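The values are calculated or read from the model by the stated rules, or taken from the named source; none is laboratory data. Just so it is clear, the structure is predicted and the values come from calculations on it, not from any experiment. Note that each Cβ is placed from the backbone with ideal geometry, even for glycine, and that neighbours are counted across all protein chains shown. The accessibility values were calculated without ligands, DNA or RNA, using every heavy atom of the protein model including side chains. Shrake-Rupley method; radii C 1.70, N 1.55, O 1.52, S 1.80 Å.
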Amino acid sequence: MEVKFRDTGAERIKTDLLVLPAMENRVEDSTLRLLDRRLGGGLSRRIKKSRFTGAEGTSLLHATGGALPAAYLLLVGMGKGEEIELDSWRKAAARARKEAGAIGAEEIALHFIPNGEPETAVGAVVEGILLASYQFNKYRSNSKPAAPVRALTLFRPGLRRSAAMERAASLAVDLGPGVYVARDLVNEPPSVTTARFLAEQAGRTCRGRGLRVEVWGKKKIQAMNLAGLLAVNRGSTEEPRFIIIRYQPPRARKKVVLIGKGITFDSGGLSLKPAKSMETMKLDMAGGAAIIGAMSRLPYLRPEIEVTGYIPTTDNLPSGSAQKPGDIIRYLNGKTVEVLNTDAEGRLILADALAYAAKQKPDCMITLATLTGACMVALGTEVAGVFGNHQPLVDDVIRSGREAGEKLWQLPLVKEYREEIKSSVADIKNVGGSYGGAITAALMLQEFVGDVSWAHLDIAGPAFAEKDTPGCPKGGTGFGVRTLLKFLASY
Ligand code: BES
Ligand code: MN
Ligand code: ZN
């Protein structure tokens, strides 16, 4: 997609779809009045009739019938806010992209009236269009892909393009496909996305310009004593993999480790889930997918940071050889964990990766995992939970999320709840009591991070959309990719 900037008014723009952000209850601003005059009052009549107020999430499409150089006008409700927030730009652009698809528009022009830094708003608009352009149609026999948006023009009388705006636009275009990579991996059926497939895709998407992928098979995993991954894999007929993605720039100031949960299907194991709960459990590698997606774009972002991604991956199935409730795992850092519920498997495989990564003393580690239903109960489907042992790191991650349009909310690592994961036979057990399940899961992970700065994102809620939105069709959302990239851009 080409992004252009123009210093001109709406009445002069020749395009397929002219997009005008409208503030709630102020829909008759000067631009709209001017356009309405050109349209012989047709626009104001439509606004009245349809009762369009500019409320957030609403829009009004109007054909110009040749009275303007643009073929269609789209008013997009921006809500009441005195200031248009960054995420409102992203959402408005996504809505415009959806309307463009419906009318077959290949060129969009948007009245660009940011109130903050124009370059961050440029990035948000481009992101919104790219996010909304995603489709997953490969398993539909009658799919009609929406026409691609070839060009986006941002315009306003007096708009001055800057190098920073140009850079923000091209960076957003370069980073966008990282989200597609993650969404695709989640959306593939679980019998396609096996551990081996995930590793192959990591290799395919992450290579060149400082990126390398190393994949450990079962033998190497045994030799390296990744006991949690082996324990969870025991129920499977598929071999596990341990995926390592390395980004090594010539001059690195810092070392960051990213660890993603890669459960390619979570049946619960012998502690079997009910059928309904299993329907979406192909999502359980979304953390790993987000790391593959984010890291695949590092050659474009080019941070001066060494980044290592670790993705332990297997499915979690019951069988005659599956691990049993009551089994004990001995980890490479010496800790022992009693497995009382085989459905609390994510923490078992993340523990290996954390223990292994912590030995390398990185500046920080971030885990991404669809870890607990309890986190969804607490925060719903839009917000990820964040935990951490170092507040500046947690703050940094939350800020990155805010800029990226991904909502994060901190939950506490309550020391007192460590009692809940004490075992009668081993050092700890893999489940706590009935309450605070997201916290006890995070507390178990903390046993393996040592004294390294660590942040943990429980993305069980936002990793998967249960229904279509303008920015994302039902399915994998790619949540985390943009937060990680924002974080790495400024760490
Ligand atoms: N993958 C699930 C968590 C999950 C649930 C993600 C719903 C997305 C949507 C995880 O492995 C799991 O099963 N967690 C259990 C833990 C429990 C057994 C302590 C849970 O949340 O019920
Ligand atoms: Mn589970
Ligand atoms: Zn799981």
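For the stretch 313-366, run through the trypsin sites (Lys or Arg not before Pro) and keep only the ones in DSSP coil with at most 13 other Cβ atoms within 10 Å of their Cβ. Write out the running numbers ahead of the final one.
Values: sites: ARG330, LYS335, ARG347, LYS359; in loops: LYS335, LYS359.
Sparse-neighbourhood loop trypsin sites (Lys or Arg not before Pro): LYS359.
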Of all DSSP beta bridges in the chain, what percent run antiparallel (nearest 5)? 40 percent
Those lysines that a straight Cα-Cα span of less than 19 Å connects to LYS4, excepting residues fewer than 8 apart in one chain: LYS14
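Please report the carbon-and-sulfur percent of the accessible area for the stretch 2-157; probe 1.4 Å, protein heavy atoms only, DNA, RNA and ligands left out. Don't skip to the end; give the middle numbers.
On the way: 3530 of 7550 Å².
Result for the stretch 2-157: 47 percent of the exposed heavy-atom area is carbon or sulfur.
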Going residue by residue through the stretch 332-340, the Karplus relation 6.51 cos²θ - 1.76 cosθ + 1.60 with θ = phi - 60° gives ³J(HN,Hα) values, rounded to whole Hz and with x marking Gly or Pro, of 5, 8, x, 6, 10, 10, 8, 8, 9
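Accessible area per residue for the stretch 111-167 in Å², computed with a 1.4 Å probe and the full protein assembly in place, what is it?
The answer is 53 Å² per residue.
Please report, as a whole percent, how much of the solvent-accessible surface of the stretch 247-377 comes from carbon and sulfur atoms (probe radius 1.4 Å). All intermediate terms of the calculation are to be shown ahead of the outcome.
Values: 2250 of 4390 Å².
Using a 1.4 Å probe with all protein chains present, the stretch 247-377 comes out at 51 percent carbon and sulfur.
Have a look at the DSSP beta bridges in the stretch 2-157 and tell me what percent are antiparallel, nearest 5.
On the way: 5 of 24 bridges.
Given both bridge residues lie in the stretch 2-157, the antiparallel proportion sits at roughly 20 percent.
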When the Karplus curve 6.51 cos²θ - 1.76 cosθ + 1.60 is applied with θ = phi - 60°, which whole-Hz ³J(HN,Hα) does each residue of the stretch 300-311 get, with x for Gly and Pro? 8, 6, 6, x, 8, 9, 7, 10, 10, x, 10, 10
DSSP-assigned coil residues among trypsin sites (Lys or Arg not before Pro) in the stretch 151-247, each with at most 12 further Cβ atoms within 10 Å: ARG160, ARG209
Hey, what do the phi angles of the stretch 459-474 turn into as Karplus ³J(HN,Hα) couplings, whole Hz, using 6.51/-1.76/1.60 and θ = phi - 60°, x for Gly and Pro? 9, 3, x, x, 5, 9, 8, 7, 9, 5, 10, x, x, 6, x, 3
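Leaving ligands, DNA and RNA out of it, report the carbon-plus-sulfur percent of the accessible area of the stretch 389-441 at a 1.4 Å probe.
After summing per-atom areas, the C and S share lands at 53 percent.
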So, in nm, how far is label ARG209 from label ALA151 when the simple model puts each one 7 Å beyond its Cα toward the Cβ? 2.5 nm
Roughly how many whole Å is it from the C-alpha centroid of the stretch 104-134 to that of the stretch 28-63? 21 Å
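Counting heavy atoms of the protein chains only and a 1.4 Å probe, report the per residue accessible area for the stretch 175-490 as a whole number of Å². Working shown, then result.
On the way: 12150 Å² over 316 residues.
I get 38 Å² per residue for this part.
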Angle, helix 118-133 long axis vs. longest principal axis of the chain, Cα atoms, 0 to 90°, nearest 10? 70 degrees
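What number comes out for accessible area per residue over the stretch 1-41 if the probe is 1.4 Å? Units Å², please.
Numbers: 2160 Å² over 41 residues.
On a per-residue basis, 53 Å².
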For the stretch 186-263 and the stretch 438-467, what is the separation of their C-alpha centers, rounded to whole Å? 18 Å
